[in-house]
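Report on the following structure.
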Amino acid sequence: MHKLTQKRVLKGLNQENIDLYLLDSVNSTNTFAKEKLSKKDYLIVTAEQQTAGRGRQGKEWYSPDSGNIYMSIKFENDDPAPLSLIIGLLISEAMDSVSGLKINAGLKWPNDLLISNKKICGILIESQIDAGNIEFIVGIGINYSLPKKEAWWGEIGNLAEILPREKLINSILRGVINYSENGYKNWKAAWEKRCMHLGVELKAVSNNQEEIETGIFKGINEEGKMLLQTPSGLKIISSGECSIKGVY
Ligand code: BTN
């Protein structure tokens, strides 16, 4: 596996603004990023493996040393747009830009990325207060290859040829830093365009995996909440995730 280098990861970025840690092994890049003090605008951490990788809703994130991306970016952000949806959108765009529009990863609400109906990327966003300011820790896991997997987990696999890890990391960082500095004007329309279940029947599932509603997904509102057309009217779902028949 190609080792990550600072030069290639940060190509074209303003390095004076960035603290970068390229680690071999760590408990969780999110935990490391949270704890590390930095005077720079962005703290970026990657690792080849995580011994206690964390997923959403307190789940484990399987993190073997098999060439996957485990990355966290810590920065301050006061944009009112929903960061978790924006990050998924930026990653999908980065995949298109690196591969020359050949990937077409779909977004599944709130922030999973899918290729051929399987999850290849998960995002965990945490926040903390530092000297009175809110800083966000954006954790990104992208699976290139998994020695063992659940039926619904996908991997980049052979697509790595058109989606080299270092180029994808660099492109994601460009996207995130550009967003944090300039915002993203039409993020909602861009997100819906890349969503893989617009107009599809799905189940909204709460954080403890209980079904809340079944309905047709009608898109999102300005806060990134799900608009679901149910037999008893249009419902707005603010948390949890969705479950789609034949997908997950
Ligand atoms: C999910 O459950 O879908 C979110 C998975 C997030 C995994 C990434 S890997 C890098 C960062 N460090 C962690 O411990 N988790 C996130």
Q. Counting only residues that are under 30 Å from residue 216 (Cβ atoms) and assigned to a helix (DSSP H, G or I), how many does the range 153-178 have?
A. 0
Q: Examine the range 30-38 for a residue that is under 14 Å from the mean Cα position of the chain (by Cα) and among the aromatic types (Phe, Trp, Tyr), and state whether such a residue exists.
A: no
(Q) Can you go through 118, 108, 185, 167 and tell me which one is free of Cβ contacts under 8 Å to residues at least 12 places away in the same chain and of a type outside the set (Gly, Ala, Ser)? (A) 185
Q | Residue in the range 25-48 that is closer than 17 Å to residue 123 by Cα and in a loop (DSSP other than H, G, I, E, B) present | A | yes
**Q.** For residue 150: the one exception among (1) more than 21 Å from residue 33 (Cβ to Cβ); (2) away from the ligand (no atom under 15 Å from the Cβ); (3) in a loop (DSSP other than H, G, I, E, B)
**A.** (2)
Q | Every pair of residues 6+ apart whose Cβ atoms lie under 6 Å, when the first sits in the range 143-157 and is under 18 Å from residue 248 (Cα atoms) while the second is of a type in the set (S, T, N, Q) | A | 143/68; 155/143; 155/145
Q) Only one of 21, 70, 62 is near the ligand (Cβ under 10 Å from one of its atoms), of a type in the set (Ser, Thr, Tyr), buried (at least 16 other Cβ atoms within 10 Å of the Cβ) and not in a loop (DSSP other than H, G, I, E, B); which? A) 70
Q. Is it the case that some residue within the range 82-95 is closer than 30 Å to residue 219 by Cβ, away from the ligand (no atom under 16 Å from the Cβ), touching a residue at least 12 places away in the same chain (Cβ under 8 Å) and among the acidic types (Asp, Glu)?
A. yes
Q) Right, residue 224: outside any loop (DSSP other than H, G, I, E, B), surrounded by 15 or more Cβ atoms within 10 Å (Cβ to Cβ) and at positive phi or not? A) no
Q. Which of (1) in contact with a strand residue (DSSP E or B) (Cβ under 9 Å, 6 or more places away or on another chain); (2) away from the ligand (no atom under 16 Å from the Cβ); (3) of a type in the set (A, V, I, L, M, F, W, C) does residue 105 not meet, given it meets every other one?
A. (2)
Q: With respect to residue 85, determine if the residue is under 23 Å from residue 60 (Cα atoms) and either among the small types (Gly, Ala, Ser) or not in a strand (DSSP E or B) (or both).
A: yes
**Q.** Residues of the range 131-147 satisfying the condition of being assigned to a strand (DSSP E or B) and within 16 Å of the ligand (Cβ to nearest atom)
**A.** 135, 136, 137, 138, 139, 140, 141, 142
Q.
For the condition aliphatic (A, V, I, L, M), under 30 Å from residue 9 (Cβ atoms) and exposed (fewer than 15 other Cβ atoms within 10 Å of the Cβ), what is the one hit in 134, 142?
A. 134
(Q) Looking only at residues that are hydroxyl-bearing (Ser, Thr, Tyr) and near the ligand (Cβ under 9 Å from one of its atoms) in the range 28-59, which one is nearest to residue 134 (Cα to Cα)? (A) 31
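We did not get these values from a lab; they are worked out from the coordinates using the rules stated. Nothing here was measured: the structure is a model prediction, and the numbers come from that model. Note that each Cβ is placed from the backbone with ideal geometry, even for glycine, and that neighbours are counted across all protein chains shown.
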